[in-house]
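Inspection log for the structure reproduced underneath, given as structure tokens.
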Amino acid sequence: MYSSSDIKVGKKFIMEGHPYETVTYAQKVMWRGGSIINVKAKNLLTGSTVTKTFSDHDKFEEADISMNSYDYLYNDGENYMFMNQETFEQVELAKTTLWWAELFLNDWDKVTLQEFNGNPINVNLDPTAVLEVVETPPGEKWDTATWGKKPATMSTGLVVQVPLFIKEWDMLKIDTRTKEYQSRA
């Protein structure tokens, strides 16, 4: 059991029957010895965030979240199929549960799935993903209106701003947290 003062940033806990992860945490100590805890938490099933205020006496159960390695196989437009690397069991996740992670998934990528009570709920991405440019206009060296950037559509449908020297079929490293170009791969 967690006390509300133990729910620091990154802790996973059960609230109202759903697993949450703490995004922000602030504690205000009151002059009579108690304290108020303000928490912003992300629902790991829906992706929504909530802001809650707790007293220091509130208790929470620890969320049973585990991480397991999977291979991304394919998608049918609505569902994404993954295969457990140890048991070869296949599981599917709905596109809505992936939030924006599908923009970084290539067939046969090795990924880590978060599991709640043994059921996959979300994909944990590496900080960078290697994606192929499938469409980008040619860069003109005198084009300064875009500050040396142009749009590029990646193999997964993600559109990022890239330097003018990038060409179609280039492999690029993209930051999965900010969806920004980092470098050529």
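Read the figures in this text as sums done on the coordinates, not as results from a lab. Every value quoted in this text rests on a predicted model; they were computed, and no experiment measured them. Don't worry about glycine lacking a Cβ; one is built from the backbone with ideal geometry, like all the others, and counts go over all protein chains shown.
Projecting the Cα positions of 18, 34, 2 onto the charge dipole of segment 2-62 (unit charges on Cβ atoms of Lys, Arg, Asp and Glu, taken about the Cα centre) puts 34 furthest along the positive direction.
Taking the Cα centre of segment 65-124 as origin, work out the dipole magnitude from +1 charges on Lys and Arg Cβ and -1 charges on Asp and Glu Cβ, in debye rounded to 20.
Details: 2 positive and 10 negative charges, 37 e Å.
Here segment 65-124 has a charge dipole of around 180 debye.
Obtain the radius of gyration and the Kirkwood radius of segment 2-62 from its C-alpha atoms and give Rg over Rh.
Numbers: Rg = 11.2 Å, Rh = 11.5 Å.
Taking Rg over the Kirkwood Rh, I get 0.97.
Segment 155-170 and segment 39-95 have their alpha-carbon centroids 30 Å apart.
According to the calculation over all Cα-Cα pairs in the chain, the P(r) per 10 Å bin from zero is 9, 28, 25, 20, 13, 5, 1 %. Taking DSSP loops as anything outside H, G, I, E and B, show the longest stretch in the chain free of chymotrypsin sites (Phe, Trp or Tyr not before Pro) there with at most 14 other beta carbons within 10 Å. Between exposed loop sites, the widest span is 32-87.
The amide H of residue 176, built 1.01 Å from its N in the peptide plane, has 128, 129 as neighbours under 5 Å, considering only residues 5 or more places off or on other chains. Between amide H atoms placed 1.01 Å from N, distances below 5 Å from residue 123 occur with 114, all of them 5 or more places distant or on a separate chain. For n ≥ 4 DSSP H runs only, could you compute -39500 (n - 2.57) per run for the chain, divide by its residues and tell me the 222 nm figure to the nearest 500? Computed ellipticity for the chain at 222 nm equals -500 deg cm²/dmol.
Residue separation of residue 3 and residue 53 scaled by 0.36 nm, minus their Cα-Cα distance, works out to 16.7 nm of gained length.
Quick check: residue separation of residue 65 and residue 79 times 0.36 nm, minus the Cα distance between them. What number comes out in nm? If you can, show how the numbers build up before the last one.
Numbers: separation 14, 0.36 × 14 = 5.04 nm, distance 2.19 nm.
Net length gain for the segment: 2.9 nm.
Report the longest stretch of the chain that contains none of the GluC sites (Glu not before Pro) sitting in a DSSP loop with at most 15 other Cβ atoms within 10 Å. Please report the intermediate quantities before stating the final value.
Working: sites that count: 16, 78, 86, 89, 140, 168.
Maximal segment without exposed cleavage sites: 17-77.
Semi-axes of the equivalent ellipsoid of segment 74-141 are 28, 12, 12 Å, computed as sqrt(5λ) over the eigenvalues of the C-alpha gyration tensor in descending order.
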